[in-house]
Every structure is written in C-alpha cells, then in structure tokens.
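Student: Here it is, the structure in full.
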Amino acid sequence: MDSHLDCRLVLCSCPTQAVAETLAHHVVESRLAACVNICAESHFDFPWGRQNRNSEGSIIDFENKPMRLIPDWKRFYLKTIPMTALRS
C-alpha cells in the first residue's frame, strides 16, 4: 500500500454523549483528525468483577496517519475527560 494512503481507524466508546462531544472536539482541536464521527447512542454489555453490567453511551470514530496516532490513548482520554464525567 502507498504510504501516503496508510491510515488507522480509531474507535472509542464513551460513557455519555457529552463525553463523546468533548473528546471529539479535543481530537480535532489537537489536529489528530480532520473529522470525528459521533455515532448514535449505543448499548454496552461488559463483565465487571463477577457480574455482567450494561450501560448506555456513544462511540466516536476517526482516521489518522500512523505517525500521528496517539501513542498513549488512555492518557490522552483521561487528560481530556475528567474522572467525574466518567463516573456519572
């Protein structure tokens, strides 16, 4: 594949629409993507301890070049979104 066409698709689940919008804004503002899609509300099922849990949230997706890919996505996410927003 031609290197100037090589991109990576990033998917990120967010606990609320507000978190998705904030994260999308910061991804574009940081020039990590030219455009971020915020998908409609989603339903998530996941294991938590010995129980299964579920919640509602949103998914964002964007493409970027491998050399621009966030080296530590978790750190970027937590720096952008306060922990209080994740607990709501």
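The values are calculated or read from the model by the stated rules, or taken from the named source; none is laboratory data. Note that the structure is predicted; figures quoted are calculated from it, not measured. Here the Cβ positions follow ideal geometry from the backbone for every residue, glycine too, while neighbour counts run over all protein chains shown.
Student: For the chain, which fully contained strands (runs of 3 or more DSSP E) count at least 3 residues that are at pLDDT below 80? Lay out the reasoning, then the answer.
Tutor: Details: elements: 8-14, 42-48, 51-64.
Output list reads 42-48, 51-64.
Student: Applying the selection to region 5-33, what residues are exposed (fewer than 13 other Cβ atoms within 10 Å of the Cβ), without any contact (Cβ under 8 Å) to a residue 40 or more places away in the chain and among the hydrophobic types (A, V, I, L, M, F, W, C)?
Tutor: Of everything in region 5-33, just one residue is exposed (fewer than 13 other Cβ atoms within 10 Å of the Cβ), without any contact (Cβ under 8 Å) to a residue 40 or more places away in the chain and among the hydrophobic types (A, V, I, L, M, F, W, C), namely Leu5.
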